[in-house]
């Protein structure tokens, strides 16, 4: 089976940094995706890690450690529009995504 | 089209009725996925198509759920004899090949069973 864990909620101030952790236990693991989902909208792709290490893409960075079954998403210079749910998803068997329940990030002025 | 399109956006049905949900994937995308998302939860995998072939239907909750993609493009998810626990958002996603590539999601159909 698949087990994906991430915190339920996080709150941070505009301009600050927030780190969302995700742990996974996934058979046939290929890589780790992060998606952003605003309420009532489609999840949108943020990042994909297949190798260990840090991937940086503008204000967003994602890290993966395959040996520890651990990933994090780092959001820098937080903006009000970053308030959303962030979904961690482990890929297995080359196509199947198993999602965590999502972390709701609230950015305060 | 520019993105994945799903219709209807909202569907209300009485318990016991059949419903059909439509997905138009991004043009040229080989792989198509259906997910079910309950309130406050992440999407749960239902089924996967590569072109017209349904390669994985292990996530379909019961034999009341049926999905098809007859011409390898548009897909329909059908739920027969709906029950209250079927109430959820049904998301469709597509990807170019499906193999470890980002999936692009539609806005979903919010299904409410009364």
Check: What number goes with the only condition from (1) more than 25 Å from residue B:95 (Cβ to Cβ); (2) surrounded by 15 or more Cβ atoms within 10 Å (Cβ to Cβ) that residue A:68 does not pass?
Finding: (2)
Item checked: Within chain A, strands (runs of 3 or more DSSP E) holding 2 or more residues that are touching a residue at least 24 places away in the same chain (Cβ under 8 Å) and more than 14 Å from chain B (Cβ to nearest Cβ) -> A:9-13, A:18-26, A:70-75, A:103-108
Checklist line | Listing of strands (runs of 3 or more DSSP E) fully contained in region B:62-114 that carry 3 or more residues being away from every other protein chain (no Cβ under 14 Å), surrounded by 14 or more Cβ atoms within 10 Å (Cβ to Cβ) and out of contact with any helix residue (DSSP H, G or I) (no Cβ under 6 Å at 6 or more places or on another chain) | finding: B:65-68, B:75-79
Checklist line | The lone exception for residue B:36 - which of (1) within 15 Å of the chain's Cα centre (by Cα); (2) in a strand (DSSP E or B); (3) surrounded by fewer than 17 Cβ atoms within 10 Å (Cβ to Cβ) it fails | finding: (3)
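Quick note: the coordinates plus some simple rules give every number you see, no bench work behind them. Here the structure is a predicted model, which is why all the values come from computation and not from measurement. Using ideal geometry, Cβ is built from the backbone for each residue, glycine included, and neighbour counts are taken over all protein chains shown.
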